1. Output needed: percent of Cα pairs per 5 Å distance bin for the range 1-50, bins running from 0 to the one holding the longest distance.
2. Using the 10 angstrom Cβ neighbour count as an exposure proxy, how do Asp7, Asp36 rank, fewest first?
3. Based on the alpha carbons, how large is the Rg to Rh ratio for the range 28-100 when Rh follows Kirkwood?
4. Which of Tyr28, Tyr116, Tyr13 has the fewest other C-beta atoms within 10 Å, and how do the rest follow up to the most?
5. Only Lys, Arg, Asp and Glu count, each charged at its Cβ (+1, +1, -1, -1), so figure out the dipole size of the range 3-117 about its Cα centre, rounded to 20 debye.
6. Ranked by Cβ crowding within 10 angstrom, fewest neighbours first, how are Trp79, Trp112 ordered?
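Quick note: the coordinates plus some simple rules give every number you see, no bench work behind them. Keep in mind that this is a model prediction, so the values were computed, not measured. All Cβ positions, glycine included, derive from the backbone under ideal geometry; neighbour counts span all protein chains shown.
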Amino acid sequence: MKQSSLDALIAFYESLGPDSIAHFADYYADDAFFKDPFNEVRGLAPIQRIFTHMFVQVSEPRFVISERVVDENGALLVWDFHFHMRLWGRDKAQVIHGVSHLRFNAAGLVVWHRDYWDAAEELYATLPGIGWLMRRLKKAMAS
């Protein structure tokens, strides 16, 4: 994996906007795999649809990469995703803490992207109604 490829990808995510969606092909292979807590897709077009949908669901989305762990085959990126939720008329600032596991091909393009973050804690627990239930379940399961 080329360090310059990772640096460019990080800069891409930290400046990601609706107009950036067309540039995923500069960073991802045509048959790249992507998985997060809500999606599992293969191919550039489905990955672009996920991020296009993100701009519909939330306002002011912003990724901040705080740490990277790199080896010759890939990288782990520790990030915070800042946004405002648009569901149910809410406009509350939120942050999701997560990690992306990336693998690159010989050309430095992402071929495998897996996001790890806790949807229950980071998202569901903040929603009206279901948040109360999630907090009760967490309290009941705690030692």
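1. With 5 Å bins starting at 0, P(r) equals 4, 19, 27, 26, 20, 4.
2. Values: Asp7 11, Asp36 16.
The fewest-first ordering by Cβ neighbours comes to Asp7, Asp36.
3. Numbers: Rg = 14.0 Å, Rh = 13.8 Å.
Here Rg/Rh amounts to 1.01.
4. Values: Tyr28 25, Tyr116 12, Tyr13 19.
Least crowded to most crowded, the residues run Tyr116, Tyr13, Tyr28.
5. Values: 10 positive and 15 negative charges, 84 e Å.
It comes to approximately 400 debye.
6. Numbers: Trp79 21, Trp112 18.
So the ranking, lowest neighbour count to highest, is Trp112, Trp79.
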